[in-house]
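Enquirer: I'd like to ask you about the structure that follows.
A short reminder: the numbers here are calculations on the coordinates, not readings from a lab. Note that the structure is predicted; figures quoted are calculated from it, not measured. Positions of Cβ are backbone-derived with ideal geometry, glycine not excepted, and every protein chain shown enters the neighbour counts.
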Amino acid sequence: MNFGEITLSHYLALSSLLFLIGLAGVILRRSLLIIMMSLELLLNAANLALVAVGRFQGLPDPQVAVFFVITVAAAEVSLGLAILVAIFRIRKTTAADQLASLRF
Amino acid sequence: MLAYTPYLILLLPLLAAVSIRFFLHPFPRVSVAVSTFACLGSFLGSLVFLVLGSGEGVFAVPSLPWIEWAGLRANFGILGDPLARGMATLVSGVAFLVHLFSIAYLEKDPSRSRFFAELSLFVFAMLGIVLADNLVSMFIFWELVGLSSYLLIGFWVEKPAAGAAANKAFLVNRVGDFGFILGILGAWALLGTVHFADFPARVIGVVPGWAVTAIGLGLFCGCLGKSAQFPLHVWLPDSMEGPTPVSSLLHAATMVVAGVYMLIRILPILELSQTTMMTIAWVGGLMTLFPALIACQQNDLKRILAYSTLSEIAYMVMAVGLGVPGSAMYHLTTHAFFKCLLFLAAGSVIHGCHEEQNIWKMGGLMKRMPFTAFVFLVGSLALCGIPPISGFWSKDAIFAATAHYPGLAALSMVAGFFTSFFMLRVILVAFTGEPKNEAARHAHEGPFLMIAPMAVLALLSLVAGLFPIEKFLGQTHQGGHAAWTLWISLILALAGFIPAYQLYRNAPHDPLHLLLLQNKFYVDEFYQRALVRTQDSFAKLVDAFEGWVVRGFLVRGSGVVARASGQGLRLVQCGQVQVYAAVFILGVFFLIGWLWRGGVLR
């Protein structure tokens, strides 16, 4: 069995797999903490695709974009966790299906 | 500049009306004086105008350019022909006498400033009609006269009946004026001019046809409204709710004959169509008899006189229809004198009896108000056409014209019979016998200012027949004399006195009860049913359409649709974040798939 050289397709396949796992986590898991982790997974899947394309095409721009994504993701996580803690203090839960008061 | 001085005749009363309305109305004495002197000024001006022009036929006054638009050229001008000059003198003269009478009649009325302002406005408008040299400016003054008539009928604003009568007069006149304005437009389309002076020359080439008849009848509609001829006569008896001097000046002597005057002005157009002329003659002929019958069973002194006015105007209309405008103007003039006199005498009676108008509550006034009784008798004899008083001469001229139309002759002569009947009825009931209530027992003559105008008018009524008024008005005497019309009409007029004397001599109450006549042939009731009710049901239909279709379906319907779709779409908001995320992702997949199929991503 010849695994051969690792090509762009392998990277993109891995990225897609990570994205689907993240997507499933966002939709299916109930805990807000896990949902946030899944969101990070989505971002990293996108990051992986970007750097892979940048590497194989020899372009610097996607790699620059990834730095921005990482920065924004860091900010987003800190903000999200802060909100999560605040919600937990008030509602005593972090289950997404319990936090459904914004409805008709 | 001197040539423009005739405009002062018009401007003086207008100036008086405006200055009273805006500045002088807190000072009744000043207002009364201003209004009266303005009218006197107009009268003297008209008199000078009349005398100055008598030698040369038409007294030319320069006109001012006014409307020039799309081929319509209407100047603002003053007619100087003998007809206009004579009529202006008549109108302003009678108006001046009524002014004098009103000073005494309304002595205690707190709002007499308003009365005199409105009276001055009327004098201005009426002189405007008389002196107008084209149909457009005549129409404007025509409407102004309608306005002042409305204001004066409703002068006693605290009386609901007066307000209703004023509205009725105004609305009924609208109907006639609608026809009039259509007629004016038609005349302009037909002849290309609205100036009276151009009519005789322009009608020469016109081919008679249905359009010409329609134009003539449209213009006649204006006369029907203003001169209160059938079927638009219903407003005049109700207009008696106004003060008596108003009834005298507007609704007897001057305003209501404006229609006849207008017909004479547009005679060249009317004469184009024999149908129009005959319609006018027959409407007039029927209208001589119709109100004369009604008057026989009325009990209100002023209403009886109002119905006699309808009848007398009908004589003039008939004369115009028969092509003898000279006789119509002759009767118009004498009628102005004796009918104004009758109304002033009625005003004097009503004033003396403390606002009592029912003749059955008067009685015995001959002894208590001898002068009023005397002038009333003079006016009555003139009205009945008894020689040698003025009414006889002018009526005779009209009867002579009916010589070739036996139907019209019969109608108008029988009307004369009933006129004598109801006038003697009024005299016997109101002036002879015993007083029937306290007010009549203490009746008294009015002050000098009420007596003097009556004396002047009585003198004019007595002697007016002796002057050749037709020639003075620039009309030649058309139509010959027929002895039989003279004798038969005179015999019928005298015969009318006999049954009245038999029935009403010392009668304590009316021996006749003719419901048909008491209810004025049910014309008002007919209008109530046919017009007012039809209009009401149509209004209800429109209201239902508005309520159900416009308001219910369109306005409220659109609101309901928006609200219901909002209610439906609200259910989509379940509050579950993950459901939103799932829908969002599905949407993205769908979008990508759609773009892929469309070939955008390939």
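Enquirer: Pairs of alpha-carbon atoms within less than 8 angstrom and 6+ residues apart define the contacts here; what relative contact order does chain B have, in percent?
Expert: RCO, chain B: 12 percent.
Enquirer: Starting from the Cα of B:Val532, step 7 Å along the direction of its Cβ; do the same at B:Glu355; then give the gap between the two resulting points in nm.
Expert: Using points 7 Å along Cα→Cβ, the separation is 2.4 nm.
Enquirer: Order by neighbour count: B:Ser120, A:Ser101, fewest other Cβ atoms within 10 Å first, most last.
Expert: Fewest-to-most Cβ neighbours within 10 Å comes out as A:Ser101, B:Ser120.
Enquirer: Going by how many other beta carbons lie within 10 Å of each one, how would you line up B:Glu438, B:Glu312, A:Glu5, fewest first?
Expert: Lowest to highest Cβ neighbour count: A:Glu5, B:Glu438, B:Glu312.
Enquirer: Around B:Val234, with a cut-off of 9 angstrom between Cβ atoms, what is the net charge of the other residues, counting Lys and Arg +1 and Asp and Glu -1?
Expert: 0
Enquirer: Just the Cα atoms of the protein assembly as shown: what Rg and Dmax do they give in Å?
Expert: Every Cα atom of the protein assembly as shown included, Rg and Dmax give 44.8, 150 Å.
Enquirer: How big is the equivalent ellipsoid of the range B:295-437 along its three axes, where each semi-axis is √(5λ) from the Cα gyration tensor, reported in whole Å from largest to smallest?
Expert: Semi-axes (√(5λ), whole Å): 30, 14, 12.
Enquirer: What number, rounded to the nearest 500 deg cm²/dmol, is the helix-based mean residue ellipticity at 222 nm of chain B, given -39500 (n - 2.57) per DSSP H run of at least four residues and division by all its residues?
Expert: Helix-only estimate at 222 nm: -21500 deg cm²/dmol.
Enquirer: Given 10 Å bins starting at zero, what is the percent of C-alpha pairs of the range B:338-517 in each, up to the one with the largest pair distance?
Expert: Percent of pairs per bin, in order: 10, 32, 33, 19, 6, 0.
Enquirer: What FRET efficiency comes out for B:Phe374 versus B:Tyr522 if R0 is 35 angstrom and r is the Cβ-Cβ distance? Round to the nearest 0.05.
Expert: The computed FRET efficiency comes out at 0.40.
Enquirer: May I ask which residue of B:His354, B:Ala401, B:Met369 lies farthest towards the positive end of the charge dipole of the protein assembly as shown, with charges of +1 (Lys, Arg) and -1 (Asp, Glu) on Cβ and the Cα centre as origin?
Expert: About the Cα centre, the residue reaching furthest to the positive side is B:His354.
Enquirer: Which entries in the list B:Lys159/B:Lys520; B:Lys168/B:Lys302; B:Lys520/B:Lys540; B:Lys361/B:Lys520 go over 27 Å, if you measure between the two C-alpha atoms of each?
Expert: With Cα atoms farther than 27 Å apart: B:Lys520/B:Lys540.
Enquirer: For B:Phe545 and B:Trp484, FRET efficiency with R0 = 56 Å and r from the beta-carbon atoms, rounded to 0.05?
Expert: 0.35
Enquirer: Would you be so kind as to identify which of B:Ser63, B:Leu595, B:Leu47 lies farthest towards the positive end of the dipole of the protein assembly as shown, taking Lys and Arg as +1 and Asp and Glu as -1 on Cβ and the Cα centre as origin?
Expert: Result: B:Leu595, furthest along the dipole toward the positive end.
Enquirer: Still on this model: Want the number for B:Leu494 to B:Glu158: 0.36 nm per residue separation, take away the alpha-carbon distance, what's left?
Expert: 116.6 nm
Enquirer: For a footprinting-style exposure proxy, rank B:Tyr405, B:Tyr307 by other Cβ within 10 Å, fewest first.
Expert: B:Tyr405, B:Tyr307
Enquirer: Another question, if that's okay. So what's the projected area for the range A:8-91, the Cα convex hull averaged over all directions, in nm²?
Expert: About 5.5 nm², averaged over all directions.
Enquirer: Kindly provide the pair-distance distribution of chain B built from C-alpha pairs, with 10 Å bins from 0 and whole-percent values in order of increasing distance.
Expert: Once binned at 10 Å, the Cα pair distances of chain B give 3, 16, 25, 23, 13, 5, 3, 3, 3, 3, 2, 0, 0.
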